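The values are calculated or read from the model by the stated rules, or taken from the named source; none is laboratory data. Just so it is clear, the structure is predicted and the values come from calculations on it, not from any experiment. Cβ placement follows ideal geometry from the backbone for every residue including glycine, while neighbour counts extend to all protein chains displayed. Accessible surface is based on the protein model in full, side chains and every heavy atom, while ligands, DNA and RNA are left aside. Shrake-Rupley method; radii C 1.70, N 1.55, O 1.52, S 1.80 Å.
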Amino acid sequence: MRYDVAGWVLVAAAGATVLLLVVITAVRASTIVANRRHERERSEVLPLLLEITDGADVPLPGDRRAARALGTSAAALVHKVRGADRADLAGWLRRNGFREEALRGLRARRPARRAAAAELYLALDDDPGPVLPLLSDTHARVRATVVRALGEAGAVTAIPAIVEAAVAPRGVSTSTAAMAVVQAGPSSASAFGPVWDSADPRARRLAADVAGHLGLADARPHLERALRSEDQTLRTRAAVALGRVGSPLSVGALETALVGVVRGSVEERAILDALAALDSPREAR
Amino acid sequence: MTVLESVVWWTTAVLVVYYLAYNVLYILLVARAGRAITSELAWPATLTRDLTFANPLSPGVSVLVPAHNEEVGILAAVTALLDLRYPTVEIVVVDDGSSDRTAQILTDAFAMTDVDLTTDDRVEQEGATFATLRSRSHPGLVLVRKASVGRRSDAINAALRVATQELVCMIDADSLLESDALLHVVQPFIDDDRVVAAGGVVLPSNGSRVHRGRIVSTRIPRNLVVRTQVLEYLRAFLVGRSGWSSMNGLLIISGAFGLFRREIVVELGGLDPTSLAEDADLVVGIHRMMRDRGEDFRVVFQPEPVCWTEVPATLDVLAKQRKRWSQGLGELLWKYRKMIGNPRYRTLGVLTLPYFVLFEFIGPFIEVAGLAIVVTGFLSGTLPWQMAAMYAGASVLLAALGSLAAVLVEEVSFSRYPRRRDVLSLVTTALLEPFWFHFLHSWWRAVGMVRALRGADSGWGVMTRAGHDEE
């Protein structure tokens, strides 16, 4: 019996070893073949991409594999270039049906496909509407990708939705949302819309952080109102943001906020720093 | 049945059960790791890293570099760090009582001048700092010169005290990071507010070609000692850490490349200066602190970012390193013994720590004792040679299987060794390893564990570096 067990273990281990060796060999062989194919496709696609970015209306190749290779490369490149090159690539992708393909991809079963489709769609269309439902996608990575892509596309109208996603139970991290809003680059505090009146202080904190970082002067009334919030973190962030915005008109609101603040607290430090930034320094009490 | 026969029989039975349990757990880890990596690779290259690089809100990173007699590699290492593709990087090099030209090389190359730095006194430091310098050519580069107390952790703490960025990246002085490594390993902190620590893959750099501190061509070296370590690192990182991370039960983030939220490390008081396994000690300490506070958190492992490090090329140096690591692990398990098997600490308490006790701490003793008894049984005729041969054959094949599984994961995922002969070399090393390295390693681990039990003293390891081939 003991011989049987030892024998079975030996045979199973030997079989598994041989199997693994065969699989490793097969994987290496397929990697070599795939790499060669990619190289070949790349050399075929590169001149066509250069023609497209030069403004030529290159027809989609008749061969399905070549067409897919060109489309995939153009879709990847459209995110990496700027200006006229990007406009030419986006125009070519739109003319060849990639916008519609991206729209279909937003409903794909595979999360990675939905995310890639959202990125591509936002590179080809100014209206972020069709991708906004993905902000509550079941897959966290899809939600994060969509938020980033909205930021990269400069979708200022989507900012309230991005902030909302940052405070939703199934949303995105505050860092992701804040970075996306900064990337979107709103020029006015009005881009945050209803966020300034949100009942959730986390949403207003994010708006205060970003407005301060971007130095949005018209955010001042919202930030001064936030100094009177019941949420200490929001009050602290608002003080920091007012310091960054740098309007001397905020000195009065900051001095009023300083009156009731706990001595030695982070909030007091933030207000004192903000006053110092506004050329109105006060001594710590 | 005689007494000797009974001892041999029961020992064999215990060994069979023990190895069966080990291999079942290992297969589970391979499966988890394979699934985690495959799922990661299913995602196409998206905009994520480009946007992180371009965004002014990306968290800053202080890279902490403890250096003790590192004159051979320090210049290449710092040059590579200065070229990292990341928006906000501060580099804090700590010259920990070097007797060679480590500090002088940096001072000359980067125009370092004396400067006063603000220190965070929440982190204690034993060896006194006698100079702090900042580079005139690269203002983000700081050098701290301090007296050595013989512990890497004290050097890291000295760096931590002056680090100013939100995240701290701990590496070794000979670590060479891929240019995008920080972008990769920072991403989990951006994507998930709960992430407090992240580690990346570390692989041996011996035999590879380097240009301006960056690996430009990877190859498996001819030296069997180094080749075997490549295999070990693939096993440990691609299988072990990916697998444990997928269950949020990661015990170790390598000291050669790990990223942490600075505030969390500072709240812990920095690294334990008495620990020889300060990297694992930090991670387990974080697990304990966060669970005791009832806070949700994650410690993650990123399989893609790579840090290359020079590993020992001789058995003598390797033996010292492994004994020290093993001693450190033994001390760590004793320090955190109350967490072992404690469901309060979730996966780490009920799975990872018991695994390390059973297979890392006790393992070497069982192997050495088991081998002695099996040999005795074989020589005395109480263990039939056919059975001894079958079990020996099965043990060798099972050990090789673990390594081959790691090679397969590497081939399927990243294929970082492009030459065909490299794969062949890894496969032959995997088949050879159980015949020689396995026994040596078990012995070194056993010695380290005995030192841990005796509470022996141990300091910085002496690592003779050969440097790299420059292109």
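See the values below:
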quantity: Residue among A:Ala123, A:Ala140 that alone is facing another protein chain (nearest Cβ under 10 Å), open to solvent by less than 30 Å² (accessible area, probe 1.4 Å) and at pLDDT below 95; calculated: A:Ala123
quantity: Residue pairs meeting the criteria (Cβ under 8 Å; at least 6 apart or on separate chains; first more than 10 Å from chain A (Cβ to nearest Cβ), in the stretch B:412-425; second at pLDDT 90 or above and open to solvent by 20 Å² or more (accessible area, probe 1.4 Å)); calculated: B:Ser425/B:Arg227
quantity: Qualifying residue in the stretch B:399-415 (condition: open to solvent by less than 20 Å² (accessible area, probe 1.4 Å), more than 17 Å from A:Leu19 (Cβ to Cβ) and at pLDDT 90 or above); calculated: yes
quantity: B:Val226 being of a type outside the set (Asp, Glu) and within 14 Å of chain A (Cβ to nearest Cβ); calculated: no
quantity: Close pairs from the stretch B:175-197: first within 14 Å of another protein chain (Cβ to nearest Cβ) and farther than 13 Å from B:Phe260 by Cα, partner assigned to a helix (DSSP H, G or I) and among the aromatic types (Phe, Trp, Tyr), Cβ under 8 Å, at least 6 apart; calculated: B:Leu183/B:Phe53
quantity: Filtered residue count, the stretch B:292-305, keeping only those that are farther than 17 Å from B:Ala33 by Cα and not basic (Lys, Arg); calculated: 5
quantity: A:Ser265 under 15 Å from A:Leu234 (Cα atoms) and surrounded by fewer than 18 Cβ atoms within 10 Å (Cβ to Cβ); calculated: yes
quantity: Failed item in (1) open to solvent by 10 Å² or more (accessible area, probe 1.4 Å); (2) more than 13 Å from chain B (Cβ to nearest Cβ), with A:Ala207 passing the rest; calculated: (1)
quantity: Condition broken by A:Ala117, with the remaining ones in (1) within 11 Å of chain B (Cβ to nearest Cβ); (2) open to solvent by 50 Å² or more (accessible area, probe 1.4 Å); (3) touching a Leu at 6+ places or on another chain (Cβ under 7 Å) satisfied; calculated: (2)
quantity: Within the stretch B:175-210, tally of residues that are open to solvent by less than 10 Å² (accessible area, probe 1.4 Å) and either under 28 Å from B:Val72 (Cα atoms) or at pLDDT below 90 (or both); calculated: 16
quantity: Subset of the stretch A:73-95 that is open to solvent by 60 Å² or more (accessible area, probe 1.4 Å) and within 14 Å of chain B (Cβ to nearest Cβ) - its residue that is farthest from the chain's Cα centre (by Cα); calculated: A:Arg82
quantity: Residues located in the stretch B:397-411, provided they are among the aliphatic types (A, V, I, L, M) and at the interface with chain A (Cβ under 9 Å from one of its Cβ atoms); calculated: B:Leu397, B:Leu398, B:Ala400, B:Leu401, B:Leu404, B:Ala405, B:Val407, B:Leu408
quantity: Strands (runs of 3 or more DSSP E) fully within the stretch B:212-311 counting 3 or more residues that are of a type outside the set (A, V, I, L, M); calculated: B:257-261, B:298-309
quantity: Residue among A:Ala112, A:Ala116 that alone is within 13 Å of the chain's Cα centre (by Cα) and either at pLDDT below 95 or polar (S, T, N, Q) (or both); calculated: A:Ala116
quantity: Options B:Gly269, B:Gly255: the member that is among the small types (Gly, Ala, Ser) and in contact with a helix residue (DSSP H, G or I) (Cβ under 7 Å, 6 or more places away or on another chain); calculated: B:Gly255
quantity: Yes/no for B:Leu440 being in a helix (DSSP H, G or I), modelled with pLDDT of 90 or more and under 27 Å from A:Leu10 (Cα atoms); calculated: yes
quantity: Selection from the stretch B:36-53 of residues that are open to solvent by less than 70 Å² (accessible area, probe 1.4 Å) and over 15 Å from B:Glu304 (Cα atoms); calculated: B:Leu47, B:Asp50, B:Leu51, B:Thr52
quantity: Those residues of the stretch A:163-192 which are within 9 Å of another protein chain (Cβ to nearest Cβ) and either open to solvent by 20 Å² or more (accessible area, probe 1.4 Å) or touching a Lys or Arg at 6+ places or on another chain (Cβ under 9 Å) (or both), in sequence order; calculated: A:Val172, A:Ser173, A:Thr174, A:Ser175, A:Thr176, A:Met179, A:Ala180, A:Gln183
quantity: Residue match in the stretch B:26-37 (condition: of a type in the set (Phe, Trp, Tyr), touching a helix residue (DSSP H, G or I) at 6+ places or on another chain (Cβ under 7 Å) and under 21 Å from B:Tyr391 (Cα atoms)); calculated: yes
quantity: Residue pairs meeting the criteria (Cβ under 8 Å; at least 6 apart or on separate chains; first among the small types (Gly, Ala, Ser), in the stretch B:115-133; second open to solvent by less than 60 Å² (accessible area, probe 1.4 Å) and not in a loop (DSSP other than H, G, I, E, B)); calculated: B:Gly127/B:Asp96; B:Gly127/B:Lys146; B:Gly127/B:Asp154; B:Gly127/B:Ala155; B:Gly127/B:Ala158; B:Ala128/B:Lys146; B:Ala131/B:Leu143; B:Ala131/B:Val144
quantity: From B:Val89, B:Val8, residue being over 30 Å from B:Ile190 (Cα atoms) and either open to solvent by less than 30 Å² (accessible area, probe 1.4 Å) or aliphatic (A, V, I, L, M) (or both); calculated: B:Val8
quantity: Residues that are open to solvent by 40 Å² or more (accessible area, probe 1.4 Å), basic (Lys, Arg) and either without any contact (Cβ under 8 Å) to a residue 12 or more places away in the chain or at the interface with chain B (Cβ under 10 Å from one of its Cβ atoms) (or both), drawn from the stretch A:1-45; calculated: A:Arg2, A:Arg36, A:Arg37, A:Arg40
quantity: The one condition in (1) aliphatic (A, V, I, L, M); (2) modelled with pLDDT under 90; (3) farther than 30 Å from B:Ala67 by Cα that B:Leu432 fails to fulfil; calculated: (2)
quantity: Residue match in the stretch B:16-35 (condition: closer than 30 Å to B:Val368 by Cα, of a type in the set (S, T, N, Q) and open to solvent by less than 30 Å² (accessible area, probe 1.4 Å)); calculated: yes
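Table: residues versus (1) in contact with a Phe, Trp or Tyr (Cβ under 7 Å, 6 or more places away or on another chain); (2) not assigned by TED's automatic domain parsing to the domain that holds A:Thr157.
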{"residue": "A:Ser30", "(1), (2)": "no, yes"}
{"residue": "A:Leu48", "(1), (2)": "no, yes"}
{"residue": "A:Leu70", "(1), (2)": "no, yes"}
{"residue": "A:Ser73", "(1), (2)": "no, yes"}
{"residue": "A:Arg82", "(1), (2)": "no, yes"}
{"residue": "A:Ala102", "(1), (2)": "yes, yes"}
{"residue": "A:Pro111", "(1), (2)": "no, no"}
{"residue": "A:Ala117", "(1), (2)": "no, no"}
